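The values are calculated or read from the model by the stated rules, or taken from the named source; none is laboratory data. Remember, it's a predicted structure, so these values are computed and weren't measured experimentally. Neighbour counts are summed over all protein chains in view; Cβ atoms, including those assigned to glycine, are modelled from backbone coordinates with ideal geometry.
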């Protein structure tokens, strides 16, 4: 019985630690910006050195979750226009058919370029054949910092992505304070 209590306490500590780890941090830093994760979005451990942070967005009506990925490459990022063009090129349809929009905002001293598009998204890892995802949307933000730009991209079913827009923009703007 004396051994049972410490073992039970250790087990409870492990369960609590695992649950806290799965929830992920409330805030996280990418380059010079500290972003606040929306409470319902899940933290995902990154599997690639190119990804600086990753989140999962779910909705009860969505057939699959959305994915938010943060990238930072330092000052050699290729620039805003090149990255907007690359993101929009990840759709099968031409730019004129995907309702592509860009909007520039200056928030404080930081320039943010928001990007949105909807159509058949070509999902996949670079260098492998893409998987077409019809009815998907992209919501992106390019945050221009002193150390280089942070690239944030949310992709997922169109309704989920559109429904997440306010939280996405609030998360981006939380990092600029």
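Okay, here's what the table says:
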item	result
One residue from 75, 25 being assigned to a loop (DSSP other than H, G, I, E, B) and surrounded by 12 or more Cβ atoms within 10 Å (Cβ to Cβ)	25
Residues being over 30 Å from residue 147 (Cα atoms) and at pLDDT below 95 - total across segment 98-128	1
Number of the exception - residue 169 against (1) in a strand (DSSP E or B); (2) under 19 Å from the mean Cα position of the chain (by Cα)	(1)
Meets criteria (modelled with pLDDT under 90 and surrounded by 10 or more Cβ atoms within 10 Å (Cβ to Cβ)) for residue 12	yes
Conditions (1) touching a residue at least 24 places away in the same chain (Cβ under 8 Å); (2) more than 16 Å from the chain's Cα centre (by Cα); (3) closer than 30 Å to residue 32 by Cβ; number of the one not met by residue 153	(2)
Of residues in segment 99-129 being free of Cβ contacts under 8 Å to residues at least 12 places away in the same chain and part of a loop (DSSP other than H, G, I, E, B), the one farthest from residue 49 (Cα to Cα)	109
Segment 49-78 residues that are within 23 Å of residue 32 (Cα to Cα), paired with ones that are in a loop (DSSP other than H, G, I, E, B) (beta carbon under 6 Å, 6 or more apart)	54/44; 54/46; 55/41; 56/44; 56/65; 72/31
Selection status of residue 177, closer than 27 Å to residue 39 by Cα and out of contact with any strand residue (DSSP E or B) (no Cβ under 6 Å at 6 or more places or on another chain)	yes
From the options 95, 86, residue that is closer than 22 Å to residue 162 by Cα, surrounded by fewer than 18 Cβ atoms within 10 Å (Cβ to Cβ) and more than 19 Å from the chain's Cα centre (by Cα)	95
